[in-house]
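These notes are about the structure you will find just below.
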Amino acid sequence: MTTVSVRDLGPIGRASVDIKPLTVFVGPNNSGKSYMALAIYCLSRTLAGRGLAGRMPWRQFEPNLDDSIDPELLLRAEEDIEKIFPDGRSIRGGQLPDNPKIGQLPQSIQALFEGGSQMFAVGLAQLLESAIKRVYGTDIARIRRRDIREQPSKLTIEIEQHASAFKWETRAAGGDLGTEIWQNSLADQAFNSYLPQFEDTSENPLLGMLFSNLGIFRPPKVLEDAYYMPASRSGILLGHKTFSSLIVGQASQAWIRSLEIPRLPGFVTDLIQDLLLMTSDEPHGTQLDGIIDYLEGEMAHGSVRLDDSSEYPSVYFEGDAGRLQLHEASSMVSEIAPIVLYLKHMVEPGDMFIIEEPESHVDAGNQRRLARAIAMLVNAGVKVLITTHSDFLVSQLGNLVMLSGISKRRRAARRYKAEEVLQPDDVGVYMFEPGPDGSVARPLAVDAERGIPVDSFTDVHTGIYDEAIDLEYAGR
């Protein structure tokens, strides 16, 4: 299980979230749901790939190597390396197997790898800092929570994978993010026993060993590749062509006058970039086809299509009324169109799909269908994280959890399929509750008997009902 914890992030005082196949954030506005979702998105982009190896050049470690390694340890390690690597390039003499693990190496060399891992953690913190600034669209100092005395606190982001005993904690007391705790066991990691001669390290086999094995310093895969679908998705989808053509048009005059580009948060530019790079002939697996057909057939009653025949790809909707530009279709179609496009062209089983307010502009009946589609995604192997204000959506997800407690025959009698059933252990629901020390994420109990509790929504319904009764009697 993977746990992400934050403290003093935006409106959040503290929140600790177990990432499940389906993770749901509920709570009032400005309670930190999106802040937490974006933090998970930033962690995913930093840890799970997206060109991580290419963004972590080995040369950035070189200036820190001599300063961070004890000279006596360096000397012992050099002596041990000469024994294991007599030709400076590969293992000889049968002292170690062909693909040794770090735990089989002499203690001095193991210590060197641990030092390299710590330096890698420093580099990851720098990458995470850059991701946070880009995705949130502001400096870290501006997203740190301030207490009632307007004193800045220490923003902390932590990720932990219990099965591998991996833990990484980062903290920003000012505007810079740094690694506080780094636990990443290397003992069972196999390393490259053939040492390539790096141009800058040919005289130092220690550097060659460390740099040729940078990949093993990476933590275990704790988060899947994530895609973020913001609440503003329909507006972005409708305006991305205009925005892109404007930038390109200005770029042609950049040599005449300075180019002014509006600042956008990274989750917006990620969506725009993905839309521009989509092609209609992109191959996609068949595992999500049934879900796409369900969304288009049962909700949209038509197909969301991509036309990439022109310079800027455009999206249109084809239904009973023929081919419509997206702005001509209903607001519900505009809202689910980006989700459908990502399922057709981007998201695959094994990925994480983060969707803010999937219920936007979707009526109650279609919200129930949307919940069923989310369950299908989860059972197809896509990790889904949603933020929501909808009692209809959460209640229907709870019903799908309750399906796990009845027989297959009884499910079929109610026209539910096996791929729509949610197992209680696969669902995590968190209520973000504002408080004097910032919002707190409270986990809600999820079980097959009661599904997902919706007490917060019930309280609002009860308040409206009680007021209606009071007003009725007051008018008599």
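Using the average count of surrounding beta-carbon atoms within 10 Å as a protection proxy, the listed peptides 393-404, 125-136 rank, highest first, as 393-404, 125-136.
Stretched out straight at 0.36 nm per residue, the stretch from residue 414 to residue 294 would grow longer than its current Cα-Cα span by 41.4 nm. Peptide packing for 7-19, 408-420 was compared via the average number of neighbouring C-beta atoms within 10 Å per residue; ordered from the highest value, the list is 7-19, 408-420.
With respect to the cross-link table entries 33/383; 154/383; 133/154; 20/221, which display a Cα-Cα separation exceeding 21 Å?
Where the Cα-Cα span goes over 21 Å, the pairs concerned are 154/383.
Across the stretch 330-460, Cα pairs under 8 Å and at least six residues apart give a relative contact order of 22 percent.
Once the chain from residue 29 to residue 16 is taken as fully extended at 0.36 nm per residue, the excess over their C-alpha distance is 2.8 nm.
What length, rounded to one decimal in nm, is gained on full extension from residue 130 through to residue 448, with 0.36 nm per residue of separation minus their alpha-carbon distance?
Difference between extended and current length: 110.3 nm.
If R0 equals 45 Å, the separation of the Cβ atoms of residue 330 and residue 142 corresponds to a calculated FRET efficiency of about 0.75.
Based on the mean of other Cβ atoms within 10 Å per residue, sort peptides 326-333, 426-433 so the most packed one is first.
426-433, 326-333
For residue 422, the residues whose amide H sits under 5 Å from its own are 401, 403, 404, ignoring neighbours fewer than 5 places away on the same chain, with H placed 1.01 Å from N.
We did not get these values from a lab; they are worked out from the coordinates using the rules stated. This is a predicted model, so every value here is computed, not measured. No Cβ is skipped: glycine too gets one built from the backbone with ideal geometry, and neighbour counts run over all protein chains shown.
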